[in-house]
Amino acid sequence: MRDELISAIRDALTAVGVPSPDVVELERPGRREHGAFSTNVALASAKAAGRPPRELAADLVARLEADPPPFVQRVEVAGPGFVNFHLDDAWLHQVLRSVVDAGESWGSGTAGTGSRVLVEYVSANPTGPVHAGHARGAVYGDSLARILRAVGHEVDEEFYVNDRGVQMQVFAASLAARAAGEEPPEGGYQGDYITEWAAEMPADADPLTWGEARALLDQREVLGELGVSFDDWFSERRMVHTGAIDTTLEDLRARGVVDDADGAVWLRSTEFGDDKDRVLVKSDGEVTYLLPDIAYHRDKFARGYDLLVDVWGADHHGYVPRMRAAIEALGHDPASFEVVITQLVRLERGGEEVRISKRSGDLITLRDLIGEVGPDAVRLTYLLQSVDSPQTVDLDVVVAQSNENPVYYVQMANARLRSIDRVAAERGLERLPLASVDLSVLVAERELEVLRVLELLPEVVELAARERAPHKVTTWVRDLAAAVHGFYHDCPVLHPDTPDELRQARWWLAAAASTGLQVGLELLGVSAPEQL
RNA sequence: GCCCUCGUAGCUCAGCUGGAUAGAGCAGCGGACUUCUAAUCCGCCGGUCGCAGGUUCGACUCCUGCCGGGGGCGCCA
């Protein structure tokens, strides 16, 4: 539809003697009285054409109306010089057929075909449970991966395990202390889970090895409950053994971007936009966290990905320039490396802030959260808004089984639609094949609105993928749910007063809407139960 | 001090690559079930889009400066 309109607009421009701009913008007006599509070409080309926008627009309208593209009912000039396209309802009826034909693939696209993407997210240290703060990144990364796949990218998901370094020593020492019935060392881990895990630990176990395995088991389990799984849990320590860290350093040296000074080894990251050079190997001979990180990303590129997307917490955003510099220093296009920063989550209970602190005792684990509200509510809550902005989550609202909680609003919309099939089966009613159903009886606002929203999904998914913004899918799902509730309320399907023809058409509309809800929720990783 | 990020209705947030009269949920007020799930629907109330300039046909959106919140500025991870 878009393409046909754009090409018709280009033809009209040529016909009136105005050169086509490189891109013809076709917008979806916010107001329905402005039509289904709108273009600003007359405004944009007015200067080049040397004519007033409205006059140029009027000429375009005359051309377009003389030979209207399919489904175009009326073309008009509006406002300062917009050209608005009003489409026939038959267009929306065609949308219904498209949705039914596409089924679960409705909304998917091809924008990412041929491109391999690696999404790395969570990557929490293996020193404790995943907490409520990590969960935002977990849900975001998982949903982003789903959306990128929907537009054709080949996507892998990884969790980077920082199982090397001081924090592991501290963690092991804390476990050992608790196992011996002592307090953790100064600066150690204080959480109750340390005591619990220490009690499980066999006497002859190595606290570091055992502790890491215990933490990873816990993380894997609870993320699994949330519907989040990874293709690989990439171990930092593994790179010590494989020599990947040494190889990376040699590579950097060979590229001449490394200096030896003050007994340490430095990456001249300032040559690539960082604000200071960074130490790779400390003067005591230990590598910093940065070098293994670089080695990991070098490994990712070596595996042939076209794009690396890292999801980091806000507290790490200061590392973006040095990582980007390192990637450029390795000879890669910095544009093939993206970092999405997820802003902090503030948890409240009844207006009171609940601190998420790893060292203190009142840690809210993801396990606790899921136990209280279930995975669906956790996911939808986190996906409600852009990760660019700090999020405030009121646990009382998430827990509430009420209309304050959007997850029920959306799931109920689908459950209501599914109930139509159930009740129909009880009553022995039969839905005829779509090919033999006349959809032109769908003329009510409530019916058409559902179709208008459904029609947008491919664009929404494409946009959500391009902007790495799963919350746009959430917004769409809520819009569709609202349209469905309105339809359900005003347009009875199985009621005896509903004429047979209309019942068949509405029934198929309900089926298409349910498909839309299921597809949208699947992209968010939220379930779509048949009944609530 | 420098860097990043956010600032939109009483609260929590949307607002597409700049578009036409800035939207939704909650809260508040008032309505709607002899019907497939009322966890729903409808109406009303509610805004100097932090402030000030700039760019242009047009700015919540882009640029600059300021104000305010959060985060970051280690040979820690």
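Of the two radii for the stretch A:1-159, the radius of gyration is 1.17 times the Kirkwood radius, both from the alpha carbons; that is the Rg over Rh value. In chain A, the calculated helix contribution to ellipticity at 222 nm averages -16000 deg cm²/dmol per residue, counting -39,500 (n - 2.57) for every DSSP H run with n ≥ 4. Between A:Arg268 and A:Glu426, how many nm apart are label points set 7 Å from Cα along the C-beta direction? Simple spin-label model gives 7.8 nm for this pair.
Before anything else, pin down the relative contact order of chain A: Cα pairs under 8 Å, at least 6 apart, normalised by residue count, whole percent.
Working: 859 pairs, mean separation 82.7, N = 532.
Normalised by residue count, the contact order of chain A is 16 percent.
Over all distinct alpha-carbon pairs, what is the Kirkwood Rh of the stretch A:305-351 in angstrom?
It is 12.2 Å.
Once backbone amide H atoms are built at 1.01 Å from N, A:Asp163 has A:Glu236, A:Arg237 as its partners under 5 Å, excluding neighbours fewer than 5 places away on the same chain. Here the stretch A:226-270 and the stretch A:402-481 have alpha carbon centers that stand 48 Å from each other.
Relative contact order of the stretch A:406-524, taken over Cα pairs closer than 8 Å and 6 or more residues apart, is 41 percent. Computed on the Cα trace of the stretch A:406-524, the radius of gyration divided by the Kirkwood hydrodynamic radius gives Rg/Rh = 1.00.
Stokes-Einstein diffusion for the stretch A:2-87, with the hydrodynamic radius set to the Kirkwood value over Cα pairs and evaluated at 37 °C in a medium of 0.692 mPa s, equals 264 µm²/s. When only Cα pairs below 8 angstrom with a gap of at least 6 residues are kept, the stretch A:121-191 shows a relative contact order of 31 percent. Shown here are the Rg and Dmax of the Cα trace of chain A, at 28.3, 88 Å. Compared with the dominant Cα axis of chain A, that is its longest principal axis, helix A:166-179 is turned about 70°.
The Cα atoms of the stretch A:108-158 define a convex hull whose projected area, averaged across directions, is 3.5 nm². Tilt of helix A:406-427 relative to the longest C-alpha principal axis of chain A, in degrees (0 to 90, nearest 10)? Here the helix axis deviates by roughly 50 degrees. Scaled to the globular estimate 2.2 N^0.38 Å, the Cα spread of the stretch A:77-179, given as radius of gyration, is 1.88.
The amide H of A:Ile364, built 1.01 Å from its N in the peptide plane, has A:Ala132, A:Ser357 as neighbours under 5 Å, considering only residues 5 or more places off or on other chains. Helix A:2-15 and the long axis of chain A differ in direction by around 60°, with both axes built from C-alpha atoms.
What's log10 of I(q)/I(0) for the stretch A:244-335 at q = 0.15, 0.21, 0.24 Å⁻¹, Debye sum over Cα points only, no solvent? Normalising to I(0) and taking log10 leaves -0.54, -1.07, -1.38.
Restricting attention to the stretch A:260-392, close to 55% of DSSP beta bridges with both partner residues there are antiparallel.
With Cα atoms as the point set, the radius of gyration and Dmax of the stretch A:200-267 evaluate to 18.3, 50 Å.
Each value in this text was obtained by applying a stated rule to the coordinates, not by laboratory testing. Fair warning: this is a prediction, and the values are worked out from it, not measured in the lab. Using ideal geometry, Cβ is built from the backbone for each residue, glycine included, and neighbour counts are taken over all protein chains shown.
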